[in-house]
1. So for region 17-68, what percent of the C-alpha to C-alpha distances run longer than 13 Å?
2. Among residues other than VAL212 whose Cβ falls under 15 Å from its Cβ, what is the net charge (Lys/Arg +1, Asp/Glu -1)?
3. If one computes the Cα centroid of region 310-361 and of region 24-89, what distance in Å separates the two points?
4. Report the net charge of residues surrounding GLY257, where surrounding means a beta-carbon distance below 15 angstrom and charges are Lys +1, Arg +1, Asp -1, Glu -1.
5. With every protein chain in place, what's the accessible area of ASP19 (1.4 Å probe, Å², nearest 10)?
6. Applying the Karplus parametrisation 6.51 cos²θ - 1.76 cosθ + 1.60 with θ = phi - 60° to the phi angles of region 3-20, what ³J(HN,Hα) value in whole Hz is obtained for each residue in order, glycine and proline being reported as x?
7. How far, in degrees from 0 to 90, does helix 342-351 lean away from the longest principal axis of the Cα atoms of the chain, to the nearest 10?
8. Could you compute the FRET efficiency for ARG338 and ALA79, with r as their C-beta to C-beta distance and R0 at 30 Å, rounded to 0.05?
Amino acid sequence: MRAAVLHEIGQDKLEVLDDMEAVGFGPGKVRLRVKATGLCHSDLSAMSGVLPQPGPFVPGHEGAGEIVEVGEGVTGLSAGDRALVCWLPACGTCPACERGQSHLCLSGFMNAGTPNFKRPGGAPEDIFGFAGTGTFAEEVVLPAQCAVPIPDDVPYDIAALIGCGVTTGLGAALNTAEVEAGSSVAVIGCGGVGISAIQGARAAGAAQIVAVDPVDARRTAALRFGATEAVAPEGLDDAKSRVTSGEGFDYVFEVVGRSATARTAYESTRRGGTLCVVGAGALDDFLQLSMFELFFDEKRILPSLYGGGDVLRSYRRAVALWRAGRIDLEGLITHRVRLTEINDALDQMRSGEALRTCIQV
């Protein structure tokens, strides 16, 4: 089968190979024929080494497709079922799952160190899948809990987005920060996840939503998705003065994953307000805060991993809001490419040209 491979961490291009094989099928596993997959910035971060990931590997974790085979012992799934890929599956029995925080379950990370692919006629090296998945491929073998059934009215491309970016951004606003009606919000970083946070804040009833991004096209797009104004980073201080009389925003979402923007987000948050950290950053990138300001400003700093709540519940809510017309998911897909054009998608993400590129596999 065909898959896109990063041979070495730090390379900026993928090689599309036609002689790959998805491996590991057996009891408790499913084989999924990928129909659509989105390019998430986390894929780029894994390629560059910002996020830890063994290589060589097949990127992609935001996908959906059709189950073609189920292993022994798998219940609730059958060949022919439509499913999205959950890259952070829950075991259902650990303390985090029992508390309703399935997004903090660590069982899924055990999959990340197991090879997912090989080249039958090529090099004998193990080839991994990003986050234990690897959806930049025609087929992928997954633990059954990674395949979540999707309703028939949800297209594969929409389901793929719900599998990561939409759930992450929407959940940050609704689950983690719990944005209140009438509040003021700033979102720093307006790619697919940031736009989803904007839509979550709008759905929660925020009165003012300021989108912050250096790319003009993304600022324009943010206004279509619910931002009340959009500014370049150098315009944030002026927006803070105008919108909040200089006090600071009730909620600020950092959706970039860098200490510098997190510091800016902290300074843009009012005393007693909430800074929600959504961007996935590097292990060695440290945020500098003094003990005095932590104590004196009483700002809540809330990290948000994968939407900050029960993952399956977050999926269902995203579908419900989409059906009701309260969030726009079709509009998030600004570009479409074939798997053979995957490097075009990488360029679109790096330039800021795309909100989300959908790869039709």
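1. Roughly 69 percent, once rounded to a whole number.
2. On the way: positive: ARG218, ARG219, LYS240, ARG242, ARG258, ARG263; negative: ASP213, ASP216, GLU229, GLU234, ASP237, ASP238, GLU254, GLU267.
With Lys, Arg at +1 and Asp, Glu at -1, the net is -2.
3. If we compute the Cα centre of each part, the gap is 16 Å.
4. Numbers: positive: ARG258, ARG263, ARG350; negative: ASP43, ASP213, GLU254, ASP284, ASP285.
It works out to a net charge of -2.
5. Approximately 50 Å² of ASP19 is accessible to the 1.4 Å probe.
6. 8, 9, 10, 9, 6, 9, 4, x, 6, 10, 10, 9, 10, 8, 10, 9, 10, 8
7. Helix 342-351 sits roughly 10 degrees off the main axis of the chain.
8. On the way: r = 25 Å, r/R0 = 0.85.
That gives a FRET efficiency of 0.75.
The values are calculated or read from the model by the stated rules, or taken from the named source; none is laboratory data. What you see is a predicted model; the values in this text were computed from it and never measured. Glycine gets a Cβ as well: all are built from the backbone with ideal geometry, and neighbour counts include every protein chain shown. Areas reflect the complete protein model, heavy atoms only, side chains present, ligands, DNA and RNA absent. Shrake-Rupley method; radii C 1.70, N 1.55, O 1.52, S 1.80 Å.
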